[in-house]
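The values are calculated or read from the model by the stated rules, or taken from the named source; none is laboratory data. The model shown is predicted, which means the values in this text are computed figures rather than measured ones. Neighbour counts run over all protein chains shown; Cβ positions are idealised from the backbone, glycine included. Ligands, DNA and RNA are excluded from the accessible area calculation, which covers all protein heavy atoms including side chains. Shrake-Rupley method; radii C 1.70, N 1.55, O 1.52, S 1.80 Å.
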Amino acid sequence: MPSARRISSIKALLFVLCLLPAARLALGWQADTLGANPVETLTRDSGEWALRFLLLTLTVTPLRRLSGLHWLLRLRRMLGLYAFAYAAAHFALYLWLDQFFDWGAIARDLLERPFISVGFAAFVLLLPLAATSNAFAIGRLGGRRWQALHRAVYGIAILAVVHFWWLVKADLREPLLYAAILAVLLGLRAGWREQERRRQLSVPPPAKHLERPLIRIMPK
């Protein structure tokens, strides 16, 4: 187990690394090196990085279980918030630079282009998860309700992969890769839950002589 100081250093390094894609896009925009359609590049890349960070967030738990490095869980919140930050940037760029806040055109997109509606649904579902990614929210909701809420990330990841899959029209190798990674991550979780269910079912009931007698309290 690394010391608290070392974990803080790891988190600081991870924070900087997560900023690098945004910095590259910002510098490319300023230097006009994002290709013939820089708006499309900005929008596409920010969304793709949101998906990557979402998958990285889901990777933390399996990696912790397989490696025994329990301190990895302390990095999960940061990765999740970066996934939301890039998703928010992706959505804002679509509203601003792509549609110029033309709400009529945006509404038509939502109704007529399925990949837009699926991506919008994923972003809306991500909002409460980002808003409750703090100790205060855990205390207010309680651990069980907080965990139940944050299990929505599995459905969000599926929607995000579908959004990217439907967006890509020609080369499907990258969407297939993301779909395969997500399938493995969800499959591992399903397998572990099934193992836990079977383990609980295999535990024999307590012997009769170990059971405590039931004491009935009669009202006076």
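A few notes on this one:
- Screening 162, 184 for residues that are under 20 Å from residue 50 (Cβ atoms), in contact with a helix residue (DSSP H, G or I) (Cβ under 8 Å, 6 or more places away or on another chain), part of a helix (DSSP H, G or I) and open to solvent by 40 Å² or more (accessible area, probe 1.4 Å) leaves exactly one candidate, 162.
- Whichever residue in the range 52-101 is closer than 14 Å to residue 185 by Cβ and among the hydroxyl-bearing types (Ser, Thr, Tyr) and, among such residues, is farthest from the chain's Cα centre (by Cα): 61
- Single residue of 125, 177 found to be under 18 Å from the mean Cα position of the chain (by Cα) and more than 19 Å from residue 86 (Cα to Cα): 177
- Selection of the range 61-81 for residues being part of a loop (DSSP other than H, G, I, E, B) and not small (Gly, Ala, Ser) yields only 69.
- Subset of the range 106-127 (residues that are within 18 Å of residue 150 (Cα to Cα) and β-branched (Val, Ile, Thr)): 124
- Taking the range 84-106 as the range and being assigned to a helix (DSSP H, G or I) and over 25 Å from residue 131 (Cβ atoms) as the test, the residues that pass are 97, 98, 104, 105.
- Of the residues contained in the range 101-108, none is found to be among the β-branched types (Val, Ile, Thr) and in contact (Cβ under 8 Å) with a residue 60 or more places away in the chain.
- Which listed residue is open to solvent by 60 Å² or more (accessible area, probe 1.4 Å) and at pLDDT below 90, from 173, 151, 145, 197: 197
- Residue within the range 2-16 that is closer than 20 Å to residue 178 by Cβ and open to solvent by 20 Å² or more (accessible area, probe 1.4 Å) present: no
- If you go through the range 8-60 and keep only what is assigned to a loop (DSSP other than H, G, I, E, B) and of a type in the set (Asp, Glu), you end up with just 32.
- Residue in the range 97-116 that is among the aromatic types (Phe, Trp, Tyr), out of contact with any Phe, Trp or Tyr (no Cβ under 9 Å at 6 or more places or on another chain) and surrounded by 12 or more Cβ atoms within 10 Å (Cβ to Cβ) present: no
- Within the range 118-129, the residues that satisfy the criterion of being of a type outside the set (Val, Ile, Thr) and surrounded by fewer than 16 Cβ atoms within 10 Å (Cβ to Cβ) are 125, 127, 128.
- Some residue of the range 58-65 being open to solvent by 40 Å² or more (accessible area, probe 1.4 Å), modelled with pLDDT under 95 and over 29 Å from residue 168 (Cβ atoms): yes
- Qualifying residue in the range 24-39 (condition: in contact (Cβ under 8 Å) with a residue 40 or more places away in the chain and not small (Gly, Ala, Ser)): yes
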